[in-house]
Structures are given as C-alpha cells and as structure tokens.
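The values are calculated or read from the model by the stated rules, or taken from the named source; none is laboratory data. If you're wondering where the values come from, they're calculated on a predicted model, not measured in any experiment. Positions of Cβ are generated from backbone atoms using ideal geometry, with glycine treated the same way; all protein chains shown enter the neighbour counts.
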Amino acid sequence: MSEHLTEATILPTQVTTALNELREATGQTAEIQRTSPLHYLLVLTSKRVELTLTWRRTYRGSWKWNNSTLTVDGTSRELARDLDDFTHIWKDPDVLSRPGGRSEVPALTPVADEAQLPDLVRRSLDRMRSHAERKASDGSVQVIAAATDTGYTIELASPRGTLHLRYAPRRRPAGAWDLDERNGFQVFDANGMDATKKFAGNLMAALADLFGVGAAPAVPGQTGQARQASVNNSVRVRRHSVIRV
C-alpha cells in the first residue's frame, strides 16, 4: 500500500533535490509516495501534464533513479531532455505538436558590416556562402555571421538543419582567430534540436550532412588543436538537472 508523505518526512537526497528543482521551475509542489520499502514515487500534475519519477533502493542501501514517464493530455510522450525542456513543456504543452516548437537554435543577429569581421572569419563566411550557392542554387542554405559574447558565429541554416561555427580570438599572436577550442561547432536538426553528439566532434561530417555527402568545404581556422578540442562538443556542458525527466 502506498504511503503518502509530507514535507516533514526525511527523504533521500535525490528525491529532495528533484522535489525542490521541480517546485522552483513550475511553482507547484509534487506529491511524494513511498510505494514500497524499495521505491519512492514523485508525481507532478497539472490540467494537461503529468510527470512521474521513480527511485529504487539498491542492495547497498542507496537510492537510484529507476524510471520516468511524461503524459500530455492523457497521451504518453517522449521524455524531456532536461529540466529546462520539461519546464517549457509544462508551461506550453502544445509546443510538442508544433514543428520546431522546442527549437534550441539561439537567435543570431547578422553583423551590420561584414567588412569589419576578422580576416579569418570573413574568409570562412565567404567560403561557406560560396559553397552554399554552388550546392544549393535555390538559396535554401542561408549563411550569416553574428557577433557573440565570445567572438563570432557563422550560421549555416538549411531545411536539413543548422550549423554554427564559433570563432574566438587566440592568445597568440595578437589579432589571430581560430575555431573556438572548446566549442567550435554545434549542429541542430531540422526541428531545431541539438544533434552535435551525432557527429562525435567531426566537423567535416557535420558539413557533409548539411551540404550532402562528399560536398563539405574546408573550414578556415580549424587548426590541429581546434580539431582535437572539437571532440569536446559531444560532451559540452549544458544545464542538465540531476533528475531525469
């Protein structure tokens, strides 16, 4: 028989963390149940959305996440990517049925004067744009450069997806630029979902996927060091909750 618990109950750390994070994100307190000596169940419900999280006690006595479900309008849906994504769904359940509704592509504003771009960034922009014009003469691939907090980003947007090339200044020599060593590129699929992991740090594979097999252009600024560091794209830091939703 399930035991309904109050906030005064001492809960496992994982359960308490999930409870607090969800309350902060949604403004609503989830219900916690001790469904058996080995299981805790968290249920968070609105008029349209229901989230459940289950933890199971291990043979060592610790508690481990066991399962999650997400239901919208009575229909089981794919789990959210992280807490931010779940919060988006919680506040606007219809986002799941809108094409690109959960897009992660950051909005960029094209630079006003491309002539003021660093030489390497401008050459990369020209090369990407020229290649796009040859491979997609219908104009389906749009290429822009935008200033960011850390440097410049070149965006290639097409019906197949979006690619961001991120350039940052080098320490030496002064005035030199390269692809960002830690996060040189990011890929989004046609729905705007982050697909960088799919390419395991291989920028040329990402470009080939965007333009077509065997059609990837060389990228100025992709030094050996940047190529090695680009592998880190597949494990780049994002705001993941300790809960799985």
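Of note:
- Test: residue in the range 159-169 that is modelled with pLDDT under 85, in contact with a strand residue (DSSP E or B) (Cβ under 9 Å, 6 or more places away or on another chain) and either of a type in the set (Lys, Arg) or under 30 Å from Val95 (Cβ atoms) (or both): yes
- Of the residues Leu44, Leu53, Leu70, the single one that is among the hydrophobic types (A, V, I, L, M, F, W, C), within 29 Å of Pro12 (Cβ to Cβ) and touching a Lys or Arg at 6+ places or on another chain (Cβ under 7 Å) is Leu70.
- Once the range 11-50 is narrowed to residues that are touching a residue at least 60 places away in the same chain (Cβ under 8 Å) and among the hydroxyl-bearing types (Ser, Thr, Tyr), the residue that is surrounded by the fewest Cβ atoms within 10 Å (Cβ to Cβ) is Thr17.
- Residues being touching a Pro at 6+ places or on another chain (Cβ under 8 Å) and more than 12 Å from Leu51 (Cβ to Cβ) - total across the range 63-96: 2
- Check on Leu53, within 19 Å of Glu24 (Cβ to Cβ), surrounded by 17 or more Cβ atoms within 10 Å (Cβ to Cβ), touching a residue at least 60 places away in the same chain (Cβ under 8 Å) and more than 20 Å from the chain's Cα centre (by Cα): yes
- In the range 9-30 there is no residue that is in a strand (DSSP E or B) and under 25 Å from Val95 (Cβ atoms).
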